[in-house]
Amino acid sequence: MRGVVKEYGTRQARVRALDGVSTDFPAGSWTAVMGPSGSGKSTLLHCAAGLEVVTSGQVRIGELDITTSSDAELTALRRRQIGFVFQSFNLLGSLTAGQNVALPLKLAGVRVSAREVRDVLAGVGLADRIRHRPRELSGGQQQRVAIARAMVTRPAVLFADEPTGALDSKSARVVLDLLRDMVDSDGQTIVMVTHDPAVAASADQVVFLSDGRIVDRTAGLNAHGVAERLAALED
Amino acid sequence: MLRLSFNTFAERWPLFTGAILTVATGVALVQSSLLILVSAATQDLPPGLDPGAEAQMRDAYEGAVSLLGITLGIAYVLAIFIVSSTFAFTVAQRRRDLALLRLVGGSRGQLRRLLLSEALLLALFGSAIGVPLGILAEEAQSRLLVVLELIPPGFSAQWHDWILAVSFGVGIGVALTGVFAASRRAATVRPLDALRDVGDAARVMTAGRWIVGLLFTGGAVAMAIVSAHAPPEGAIALSANIALVGAIGLSMLSPLLVPLVGRAVGLVLRGTTLGGLAAANLRDAVRRTASTAAPLIVLSGLLIGLTGTLLSISNGIEEEQARDIAGDLVVTSTAEETARIASIPGVAAASAQTPVTVTLIERYPDGEGGEAVEREDTGFLAMDPAAYQQTHTRTPAAGSLDDLHGETVVVERGFNGHEVGDTIEASVAGREVTLRVVAVFDSSLSYDGFLLPRDLVSDEQLAQAPTQTIVRIAAGTDVDAVSMEIRAAGLGEVYTVAESISRAKSAQDDLNWRINAVIMGLSGLYALIAVINSVVIATSERKTEFAVARLSGLSRAQVLRMAFIESWAVATIALLLSGLAAGAALLGIRAAIDRLVGVPIAVVPWTMTAVVVAGSFLVVGAATLCTAAVATRPRPTTLATARE
């Protein structure tokens, strides 16, 4: 991201959510974006993933400049290059876990074998839940289905917005371990937004955001260290 | 993709069942009205009828055909409106799911294809149910027509195989039309909307809504203005059209009214938590409110508008007759007795009028060197011009009644464009004659300006025909005494002119009621189903919202009360707008009657209005309570979290 500015609202009530953000999310590593509420974390993620059009500046994924992409190009991008995981799990309630996972491939016109779906679900430890509806699953299990759905297209980048925000600490741990494993063994790139220092500590590096600006970045801090930085920001 | 539709169907069955139901009933209604119309228009008359009876029967069928034309028109427009608005509503209710599909890589084209193929499936299902349902509807509609004596008793509607193509065509066409615009709009949903509870926050007054709304409302106003110059035979159809088109236009513009009513509810129920909540919900869910109100606006607009029109016409006829008849008594008898009435002492003039059906014969080249013949029946009154002029104040606009003897005729202006001096080829009582137009009246509401000289028809043929004789009493003679005298002579039933006019009015009102029953019977039922359907869809889609409200501390009873308050606000919006549409129809008929009779008459049908208002609150309230009760049956915690 280069000099990204994002403004909302009309002239009178203009809010600048991102104020000249420039940063890289290195491939094959896990970056956490932290900051107090209202600091622009989610906006940063949405802009980076092409879900929001930036007001000015440039966003590139790999070689592709997505700031000028058409809707069709962004759709193609979502099919092949990007996966999403959100705090609210966003599964389609009418489809089973297996069908939810197969959906992105089907939308991309790719034939999906039942085996493939089972393998992906097995990868998140839910091989036996393939025929369950989302409402029959616990929150942690639903989030793991959502991760499986995001990963089924083998995206270059996985964007996660508070992926553990709606989970108890035990389920959260399972999800974080899963993400860690994806980075370590497959070299997956992950960009994750969170306000929880313990969650951010699982990432390889942490970017701190305040009032739409990047104010700090660190690597290799533990939860305690992250919390101290965050507390410093909020003062 | 279709699996997604099927699964969505299982998940949101009230939404989709509602859509199928509207297609099925709409198809059934259109199919039945069309088959009956075609059957009535092509009905073979039973053989061996005498010419008079045959002409009468043909006349009855012609009347039925024009009535059925209106019925079919209304049914068709209703089907288009109800099906397309229901389908558009089903799309609007699923914005979040659609955004989610975009998020995981669905393209705009895929979304549109999904929605269109879904609509196609639902329409196929709906039409398949609609066809057999249509056979039942046809049975019911034919029976209604026969029972109400608006079609001859021997009538039976025929089945035609081509109707299958029409029915499926209507079902599928109407559903796709409804979804087309909605799917285009839905496809522009932003993937990010999946993360927000967009619900109804999306813009409701879209360009399409503005265009259709203004076009239809403007059309209704234009028709109301045109009404003043329309021929009387078109008045009922025109008025029904004004009510229908106006109601559709206003229902499109109804979102503009929703916030105002929401504020009014807030004011009326000021200080109550539930009232405030209901008012906030109304303002927040403008689209849902508008969609729920739409079928009710059309139903009550049509019912009130049509009833008011028919009442205004019968009052107009009453006024017209009171103005035209200059007599003291009216005797009803057979034509035989009428000659003796004039000889009763004290009778200054007696004008006997016997209805005679005249078959007009029109010949024109058929394009292949031959000649095509078309026959059309029209009711005339056989009378004696001298006696007629002594008992009527009406004078022709052109020509003179004094010339009415032999093969001559008097018509009203606008009748095939005939002027004084024109000749009309016709068959009268089985005899082909060429009639010369000797006078033309201005057009009237009651059509009693079509006159024949009595000597055109032989006495034998008229003898048994029911006849009305208008009697004027000589100055200084006691009306009652003459009346007693006529009665004593056994010459027929005697009424004063006022009594006779009011008897004619109640006969007219009775006829109007039957016409209303035919036009609005099944269509009204269809619209009523649509009203309930839209309430059920709207309410059952609020499961999660209700659950959240309960988790925030509302009891189940309070949630029901909140939904109930909202439903009454929706009904109020619908009734206000339908009142406007019906008002436009009444203004149109008022102008028409003013031109024809010279007195502006518009009757507000208070009884019907009261029934519609009470019925609307009752039906909408009850349907909301029942659906909300079902929707709040599960424990709120399971629902509030099971959103995804």
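Quick notes on this structure:
- Taking every alpha-carbon pair under 8 Å whose residues sit at least 6 apart, segment A:1-105 reaches a relative contact order of 23 percent.
- Cβ neighbours within 10 Å from other chains - mean over B:73-82: 0
- Order of exposure, largest accessible area first, which applies to A:106, A:6 with probe 1.4 Å: A:106, A:6
- In the complete set of protein chains, residue-level accessible area for residue B:13 is approximately 150 Å², probe 1.4 angstrom.
- Of B:276, B:443, B:388, farthest towards positive along the dipole that unit charges on Lys, Arg, Asp, Glu beta carbons give chain B: B:276
- Buried surface for the A/B pair, taken as the accessible area of each chain alone minus that of the pair with a 1.4 Å probe, is close to 2400 Å² in total.
- Listing of segment B:93-121 residues, each with accessible area lower by at least 10 Å² in the full protein assembly than in the chain alone (probe 1.4 Å): B:96, B:97, B:100, B:101, B:102, B:103, B:104, B:105, B:106, B:107, B:108, B:110
- Between B:48, B:424, B:183, the Cα set farthest toward the positive side of the dipole of chain B (charges on each charged residue's Cβ, about the Cα centre) is that of B:183.
- Most simply put, chain A has about 45% antiparallel DSSP beta bridges, counting only bridges with both residues inside it.
- Each Lys and Arg adds +1 at its Cβ and each Asp and Glu adds -1 at its Cβ; summed about the Cα centre, segment B:347-473 shows a dipole of about 620 debye.
- Fraction in percent of alpha-carbon pairs per bin - 10 Å, segment B:232-316: 18, 33, 25, 17, 7, 1
- Value of Rg/Rh across the protein assembly as shown [Cα atoms, Kirkwood radius]: 1.15
- Database remark: amide H of residue B:334 closer than 5 angstrom to the amide H of B:467 (H placed geometrically; neighbours at sequence offset of 5 or more, or on other chains; Pro and chain starts carry no H).
- Residue by residue, segment B:393-406 carries 3J(HN,Hα) couplings of 8, 6, 10, x, 6, 8, x, 9, 5, 4, 7, 7, 8, x Hz when phi is fed to the Karplus relation 6.51 cos²θ - 1.76 cosθ + 1.60 (θ = phi - 60°); x denotes Gly or Pro.
- When the Cα positions of B:615, B:304, B:123 are compared along the charge dipole of the protein assembly as shown, B:123 comes out farthest toward the positive end, with charges on each C-beta of Lys, Arg, Asp and Glu.
- Counted charge near residue B:346, where neighbours are those whose Cβ lies closer than 11 Å (Asp, Glu -1; Lys, Arg +1): -3
- With DNA, RNA and ligands ignored, accessible area of residue B:76 (1.4 Å probe; Å², nearest 10): 90 Å²
- Given +1 at the Cβ of Lys and Arg, -1 at the Cβ of Asp and Glu and no other charges, the dipole of the protein assembly as shown around its Cα centre is 6360 debye to the nearest 20.
- Length-normalised contact order for chain B - Cα pairs under 8 Å, 6+ apart - percent: 19 percent
- Residue by residue, segment B:497-512 carries 3J(HN,Hα) couplings of 4, 4, 4, 4, 5, 6, 5, 5, 5, 5, 5, 5, 4, 5, 4, 4 Hz when phi is fed to the Karplus relation 6.51 cos²θ - 1.76 cosθ + 1.60 (θ = phi - 60°); x denotes Gly or Pro.
- Of the residues in segment A:8-52, those shielded by at least 10 Å² of accessible area once partner protein chains are present, compared with the chain alone at a 1.4 Å probe, are A:46, A:51, A:52.
- Counted over segment A:144-223, the DSSP beta bridges are approximately 55% antiparallel.
- Take each peptide in B:118-124, B:150-156, B:473-479, count the other Cβ atoms within 10 Å of every residue, and average; sorted highest first, the result is B:118-124, B:150-156, B:473-479.
- Surface composition of the protein assembly as shown: carbon plus sulfur atoms contribute 57% of the solvent-accessible area (1.4 Å probe, protein chains only, all chains present).
- A straight chain from residue B:143 to residue B:393 at 0.36 nm per residue would run longer than the Cα-Cα distance by 85.8 nm.
- Based on the Kirkwood approach, the hydrodynamic radius assigned to segment A:91-154 is 11.2 Å, with every pair of different Cα atoms included.
- For chain B, the spread of Cα positions along the three principal axes, ordered from largest to smallest, is 94, 65, 37 Å.
- Accessible area ranking (1.4 Å probe, heavy atoms, ligands and nucleic acids excluded), largest first, for A:15, B:440, B:77: A:15, B:77, B:440.
- Against the main long axis of the alpha-carbon atoms of chain B, helix B:2-11 sits at an angle near 90°.
- Shielding of A:97-109 by partner chains, average beta-carbon count, 10 Å: 4
- For residue B:348, the residues whose modelled amide H falls within less than 5 Å of its own, excluding neighbours fewer than 5 places apart on the same chain, are B:472, B:473, B:474.
- Rounded to the nearest 500, the 222 nm mean residue ellipticity of the protein assembly as shown from helices alone is -19000 deg cm²/dmol, with -39,500 (n - 2.57) taken per DSSP H run of at least 4 residues.
- Taking a ≥ b ≥ c as the square roots of the eigenvalues of the Cα gyration tensor, segment A:1-57 is prolate, since a/c reaches 1.5 or more and a/b is larger than b/c.
- Whole-number Å³ per residue for the convex hull built on Cα positions in segment B:347-473: 111 Å³
- Rounded accessible area of residue B:511 (nearest 10 Å², 1.4 Å probe): 60 Å²
- Tensor-based shape of segment B:54-152 (alpha-carbon gyration tensor, a/c under 1.5 rounded, otherwise prolate or oblate): prolate
- Here the 3J(HN,Hα) profile of segment B:270-286, calculated from phi with Karplus coefficients 6.51, -1.76 and 1.60 at θ = phi - 60°, is 3, x, 8, 5, 5, x, x, 5, 4, 4, 5, 4, 4, 5, 6, 10, 4 Hz, Gly and Pro shown as x.
- Rolling a 1.4 Å probe across the protein heavy atoms gives segment B:347-473 an accessible surface of 44 Å² per residue.
- Distant-in-sequence amide contacts of residue B:441, defined by a placed amide H-H separation under 5 Å and a gap of 5 or more residues or a different chain, comprise B:397, B:411, B:412, B:413.
- Dipole magnitude for segment A:91-154: computed about the Cα centre from +1 point charges on Lys and Arg Cβ and -1 point charges on Asp and Glu Cβ, it is near 100 debye.
The values are calculated or read from the model by the stated rules, or taken from the named source; none is laboratory data. All of these numbers come straight from a predicted model, not from anything done at the bench. Note: ideal-geometry Cβ built from the backbone for every residue, glycine included; neighbour counts use all protein chains shown. Heads up: the accessible areas ignore ligands, DNA and RNA and are worked out on the full protein's heavy atoms, side chains in. Shrake-Rupley method; radii C 1.70, N 1.55, O 1.52, S 1.80 Å.
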